[in-house]
Amino acid sequence: MNIKDKSISELKALCDEIRARILEVVSQNGGHLSSNMGAVELIVAMHYVFDAKSDPFIFDVSHQSYTHKLLTGRWDEFSSLRKIDGISGYTKPEESEFDYFVAGHSSTSISLALGAAKAIKLKNEERVPVAFIGDGAMSGGMAYEALNELGDNQFPCVVILNDNEMSISQPIGALSKYLSQKMASHTYSRFRGAVKSFFRKNMSEGAQYMAKRFEDSFKLIMPGLFFEELGIRYIGPIDGHNLEAIIKTLKLAKNLKCPVVVHAQTIKGKGYEKAEGYEEKWHGVGPFDLDSGESLSASDRASATEIFSKTLLNLAKKHENIVGITAAMPKGTGMDRLIAEFPERFWDVAIAEQHGVTSMAALSKEGFKPYIAIYSTFFQRAYDQIIHDLAIMNLDAVLCIDRAGIVGEDGQTHQGAFDISYLSPIPNISLCAPRSAENFKEILEYSYQHKGVLAIRYPRGAFKFDEIRAPKIEFAKAQFLENNHAKISLIGYGNGVGKAAQVAKGLEFKSNLIDLVFAKPLDEKFLLNLAKFSKIWYIFSDSAKRGGVGEILISFLHDRGISDVKVITFEYDDHFIKHGATSAVEKKLGIDPESIIKKILTDKYY
Ligand SMILES: Cc1ncc(C[n+]2csc(CCOP(=O)(O)OP(=O)(O)O)c2C)c(N)n1
């Protein structure tokens, strides 16, 4: 039955079925549980009121779009959520004609809705774009750039603000606090009415002045006024789980034919008791047992993030001028530990990578040493700020690039593939990467004394390479892990060293195992010496081939006029890498250790 023909009670039953399906699949495959459980009624109502075939449905980040997927012909396939060749955890036009845009990075929905509205006007059509955005995503600067233009241009467009008073963690920022005052607004409305009528009855000049002052100060606490002042109609707050109320409001908003914000309050995790009130834990989860809520994917090895977090905390205890930020990922980056211990020196700046980097540049100028912990994929947002505010100023700062390499189930929008390629051309920036937990500690120890910008990339999860003790780090110095004076060298960078070591074990001949440690500047003396006796270099790094470690080495050899060294790199080819478990994805790309061993043995360059 078409959703539009359903009664309210049938729609409510549908919401229950959707919640059960989400719980069933996410408990098996992992995914964004609480964001999706809280958005069910809003998305069902969206499909009821608007036309999913013609009205652009634009989900911000799109991690909460499972209900939309289930309502658009993907009910059965949904069991393959986030698995290789399965349903993506985000919207993807390649997957369904109902997915208007690829999304994964935050705060793009209002810009897309505004762009779509412009196109619709130019084409003389009647369609209405609908942006679905969470209160967390509303902390990103792009949302305001779009609202600013939207209020000015007045294109018809509906923005559903899904306010669950949570980002991944506690939301940061003045706007979030401002929206939270909504509950108070009813009381204030009544209070305002009473005060106004008092002033009306006693209208002396002084009383009129007081009335005006009262009105002005009152504006500060009305949630809708912020949008209204920008020229955008505001409706709300409404109960985002009350289907009748949502449907009524969305119909009204659709018919207004101007920009409208519908502010809905929802409960993140709604319908799974264990998640309600524990939103952060349940925002993104691995497989778990539905009855107990216990995780089914425990790992006994410390993640790179965990090593980072603990080591930086020790450094911060020693050096009082260390400061740092995360951009809405305190737990994900391990900065939560530092924020808890030193709340006056470490901050969550909300989904504001650009602002985060620039604000830290000023702290650096003032003599502090900033550690900026952001995922590789989200650092892309702050590219100009890294160049313009850190590098040109030649300031001291450490870019802590988490989730470098293939990140697994989040897929295309989240892969940490490009940081080496986009950072290496920037002057005043040095690039390094740890291979193991012990080596990471050494690199972080070193980082405090580094002059200029130092970018350190490290993977999601645990390092592939294990060592009990790692030698000290010296600036721009590579390290031999095994020197057999062999013709073949396996040169690793970061987590690539672990893969190189695995491959070395599977080869039928002796090779040299090298950790580059620094991709910029290169250890030229070391490499020139190596080139004298080792003529085949295999490169291992979790990064894009274009501008990656292999190309950096090829261009070095070329510049030095060395033409008798062959460089073969096992980095990522020039296409976007899809989702799935990292090991399965690497296998598919032919860059897992077994495939590489096979390739080396068949190529027979040795
Ligand atoms: C540019 C960018 N930075 C960080 C993230 C990571 N991230 C994904 S969802 C999310 C929180 C979104 O909160 P909200 O919009 O309120 O949605 P909710 O899950 O609470 O429904 C964050 C920070 C991102 N997707 N994009």
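General observations
- All positions within the range 350-359 that are away from the ligand (no atom under 11 Å from the Cβ) and of a type in the set (A, V, I, L, M, F, W, C): Val357
- Of all residues making up the range 421-438, the number that are over 24 Å from Glu551 (Cβ atoms) and open to solvent by less than 10 Å² (accessible area, probe 1.4 Å): 1
- Boolean, Ile325 is open to solvent by less than 50 Å² (accessible area, probe 1.4 Å) and within 16 Å of the ligand (Cβ to nearest atom): yes
- The residues on offer are Glu474, Glu442, and the sole one that is in a helix (DSSP H, G or I) and either of a type in the set (Ser, Thr, Tyr) or free of Cβ contacts under 8 Å to residues at least 60 places away in the same chain (or both) is Glu442.
- Complete set of residues in the range 388-397 that are touching a strand residue (DSSP E or B) at 6+ places or on another chain (Cβ under 7 Å) and part of a helix (DSSP H, G or I): Leu390, Ala391
- Single unsatisfied condition, Arg460 versus (1) within 17 Å of Ile591 (Cβ to Cβ); (2) at pLDDT below 95: (2)
Table: residues versus (1) modelled with pLDDT of 95 or more; (2) more than 29 Å from Ile8 (Cα to Cα); (3) in contact with a strand residue (DSSP E or B) (Cβ under 9 Å, 6 or more places away or on another chain); (4) acidic (Asp, Glu).
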{"residue": "Ser204", "(1), (2), (3), (4)": "no, yes, no, no"}
{"residue": "Glu228", "(1), (2), (3), (4)": "no, yes, yes, yes"}
{"residue": "Pro237", "(1), (2), (3), (4)": "no, no, yes, no"}
{"residue": "Leu252", "(1), (2), (3), (4)": "yes, no, yes, no"}
{"residue": "Asp300", "(1), (2), (3), (4)": "no, yes, no, yes"}
{"residue": "Glu306", "(1), (2), (3), (4)": "yes, yes, no, yes"}
{"residue": "Leu312", "(1), (2), (3), (4)": "yes, yes, yes, no"}
{"residue": "Lys317", "(1), (2), (3), (4)": "yes, yes, no, no"}
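- Complete set of residues in the range 480-497 that are over 20 Å from Ile552 (Cα atoms) and not in a strand (DSSP E or B): Asn483, Asn484, His485, Ala486, Lys487
Every residue, every condition in (1) of a type outside the set (A, V, I, L, M); (2) under 22 Å from Val349 (Cα atoms), yes or no:
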{"position": "Gly277", "(1), (2)": "yes, no"}
{"position": "Gly286", "(1), (2)": "yes, no"}
{"position": "Asp289", "(1), (2)": "yes, no"}
{"position": "Ser292", "(1), (2)": "yes, no"}
{"position": "Leu296", "(1), (2)": "no, no"}
{"position": "Arg301", "(1), (2)": "yes, no"}
{"position": "Ala304", "(1), (2)": "no, no"}
{"position": "Leu312", "(1), (2)": "no, yes"}
{"position": "Glu320", "(1), (2)": "yes, yes"}
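- Unique match (being open to solvent by less than 50 Å² (accessible area, probe 1.4 Å) and out of contact with any helix residue (DSSP H, G or I) (no Cβ under 6 Å at 6 or more places or on another chain)) among Gly277, Gly224, Gly240: Gly224
This table checks each residue for (1) over 23 Å from Arg457 (Cβ atoms); (2) within 15 Å of the ligand (Cβ to nearest atom).
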| residue | (1), (2) |
| --- | --- |
| Glu280 | yes, yes |
| Phe288 | yes, no |
| Asp291 | yes, no |
| Asp336 | no, yes |
| Ala340 | yes, no |
| Arg345 | yes, no |
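- In the range 362-381, the residues that are buried (at least 24 other Cβ atoms within 10 Å of the Cβ) and either modelled with pLDDT under 95 or among the small types (Gly, Ala, Ser) (or both): Ala373, Ser376
- If you go through the range 234-257 and keep only what is in a loop (DSSP other than H, G, I, E, B) and under 31 Å from the mean Cα position of the chain (by Cα), you end up with Gly240, His241, Asn242.
- Subset tally (residues that are buried (at least 17 other Cβ atoms within 10 Å of the Cβ) and within 17 Å of Asp542 (Cβ to Cβ)) for the range 590-606: 4
- Some residue of the range 408-420 being more than 12 Å from the ligand (Cβ to nearest atom), within 27 Å of Leu553 (Cβ to Cβ), crowded, with 24+ Cβ neighbours inside 10 Å and of a type in the set (Asp, Glu): yes
- Here Ile552 passes the criteria (1) open to solvent by 10 Å² or more (accessible area, probe 1.4 Å); (2) within 27 Å of the chain's Cα centre (by Cα); (3) under 28 Å from Tyr446 (Cα atoms) except the one numbered (2).
- Of all residues making up the range 457-488, the number that are touching a Phe, Trp or Tyr at 6+ places or on another chain (Cβ under 8 Å) and either open to solvent by less than 80 Å² (accessible area, probe 1.4 Å) or on the phi > 0 side of the Ramachandran plot (or both): 8
- All positions within the range 107-125 that are outside any loop (DSSP other than H, G, I, E, B) and within 16 Å of the ligand (Cβ to nearest atom): Ser109, Ile110, Ser111, Leu112, Ala113
- Filter result (within 11 Å of the ligand (Cβ to nearest atom), surrounded by 21 or more Cβ atoms within 10 Å (Cβ to Cβ) and assigned to a loop (DSSP other than H, G, I, E, B)) within the range 126-167: Asp135, Gly136, Gly140, Asn164, Met166, Ser167
- Identity of the residue in the range 90-106, away from the ligand (no atom under 12 Å from the Cβ) and of a type in the set (A, V, I, L, M, F, W, C), that ends up least open to solvent (accessible area, probe 1.4 Å): Phe98
- Only one of the numbered conditions (1) surrounded by fewer than 21 Cβ atoms within 10 Å (Cβ to Cβ); (2) over 19 Å from Phe57 (Cα atoms); (3) modelled with pLDDT of 95 or more is not met by Ile120, and that is (2).
- Across the range 489-523, the qualifying residues are those that are over 26 Å from Leu423 (Cα atoms) and out of contact with any helix residue (DSSP H, G or I) (no Cβ under 8 Å at 6 or more places or on another chain), and the one among them that is surrounded by the fewest Cβ atoms within 10 Å (Cβ to Cβ) is Lys505.
- Whether a residue is of a type outside the set (D, E, K, R) and out of contact with any strand residue (DSSP E or B) (no Cβ under 8 Å at 6 or more places or on another chain) was assessed, and Val585 passes this test.
The values are calculated or read from the model by the stated rules, or taken from the named source; none is laboratory data. Fair warning: this is a prediction, and the values are worked out from it, not measured in the lab. Cβ coordinates were reconstructed from backbone atoms using ideal geometry, including for glycine residues, and neighbour counts include every protein chain displayed. Heavy atoms of the whole protein, side chains included, go into the accessibility calculation; ligands, DNA and RNA do not. Shrake-Rupley method; radii C 1.70, N 1.55, O 1.52, S 1.80 Å.
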